[in-house]
């Protein structure tokens, strides 16, 4: 069993210090009670472009905070932040456990309608990390719209999306999370923020988890700061895959960078 916690929360615009304090308070009750805790996309700043240079210098402090939280809570902590390397900016997801970075992933699909592609460098490699026998693939927001990049042929057991996905497209969010679960025969967890951002965009949340059959296992209430805690069964997933081995008939393909 995997004990998983989805943190649906507002994010304070362009204020790393306040966000770290905010999430410290939210996570405190989860000590010893969760194997995997997932925070939203850009959880220290909100989804911002032109002020990225103000946020990036806090990356080391945020990583230290994530490391300390992971050790204190006895969990793997996942979330994305703004990072600068060699003058290039990245929307980078980190998974941190046992006091170290166990996975980093740079967002592949940059949201051009928000001009993210003009401000950030695209990633080129998908990553998978493990917790015990669980294989977990983390992706970021707009990646959800691209099934080829998300496609797994028995490569992972849990697919994660961290997001700042506006309320106006909530129906798309819900539909695609379910679709990714069915087509990849995997659990899918989507963690989205709530509230208003500095651009006056409204976020409803709809953070949720689907099983490999597309069944909704749990969902946060819309517009609420809320934690969704669930236990996922790897044996149930493997049993379903054995009885209904769709992956054996999957088309082979190669993704060009």
> Does at least one position in the range 129-139 carry a residue that is more than 19 Å from residue 66 (Cβ to Cβ) and assigned to a helix (DSSP H, G or I)?
Replying inline: no
>> Just the residues that are under 14 Å from residue 162 (Cα atoms) and part of a loop (DSSP other than H, G, I, E, B), please, taken from the range 28-39.
In response: 39
>> Among the residues of the range 40-78, what is the count of those that are crowded, with 22+ Cβ neighbours inside 10 Å and assigned to a loop (DSSP other than H, G, I, E, B)?
In response: 9
> Out of all the residues in the range 193-210, which are within 10 Å of residue 166 (Cβ to Cβ) and touching a helix residue (DSSP H, G or I) at 6+ places or on another chain (Cβ under 7 Å)?
Replying inline: 202, 203, 204
> Which members of the range 81-92 meet the condition of being without any contact (Cβ under 8 Å) to a residue 40 or more places away in the chain and either within 25 Å of residue 256 (Cβ to Cβ) or part of a strand (DSSP E or B) (or both)?
Replying inline: 81, 83, 84, 85, 86, 88, 89, 90, 92
> Can you name the residue in the range 167-181 that is in contact with a helix residue (DSSP H, G or I) (Cβ under 9 Å, 6 or more places away or on another chain) and buried (at least 16 other Cβ atoms within 10 Å of the Cβ) and, of all such residues, is nearest to residue 45 (Cα to Cα)?
Replying inline: 173
>> With the structure loaded, tell me whether residue 96 is in contact with a helix residue (DSSP H, G or I) (Cβ under 7 Å, 6 or more places away or on another chain), assigned to a strand (DSSP E or B) and closer than 22 Å to residue 145 by Cα or whether it fails that test.
In response: no
> Which residue out of 45, 80 is at negative phi and in contact with a helix residue (DSSP H, G or I) (Cβ under 7 Å, 6 or more places away or on another chain)?
Replying inline: 45
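Condition check ((1) touching a residue at least 40 places away in the same chain (Cβ under 8 Å); (2) part of a strand (DSSP E or B); (3) within 20 Å of residue 138 (Cα to Cα)) across all residues:
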{"site": "173", "(1), (2), (3)": "no, no, yes"}
{"site": "178", "(1), (2), (3)": "no, no, yes"}
{"site": "181", "(1), (2), (3)": "no, no, yes"}
{"site": "198", "(1), (2), (3)": "yes, no, no"}
{"site": "214", "(1), (2), (3)": "no, no, yes"}
{"site": "223", "(1), (2), (3)": "no, no, no"}
{"site": "235", "(1), (2), (3)": "no, no, no"}
{"site": "242", "(1), (2), (3)": "no, no, no"}
> For the range 1-27, how many residues are assigned to a helix (DSSP H, G or I), touching a strand residue (DSSP E or B) at 6+ places or on another chain (Cβ under 8 Å) and buried (at least 19 other Cβ atoms within 10 Å of the Cβ)?
Replying inline: 2
> Residues 181, 212, 189: which one is closer than 30 Å to residue 25 by Cβ, modelled with pLDDT of 95 or more and in contact with a strand residue (DSSP E or B) (Cβ under 7 Å, 6 or more places away or on another chain)?
Replying inline: 189
> Which one is surrounded by the fewest Cβ atoms within 10 Å (Cβ to Cβ) among residues in the range 93-121 that are within 15 Å of the chain's Cα centre (by Cα) and free of Cβ contacts under 8 Å to residues at least 24 places away in the same chain?
Replying inline: 104
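The values are calculated or read from the model by the stated rules, or taken from the named source; none is laboratory data. Remember, it's a predicted structure, so these values are computed and weren't measured experimentally. Glycine also receives a Cβ, built like all others from the backbone with ideal geometry; neighbour counts cover every protein chain displayed.
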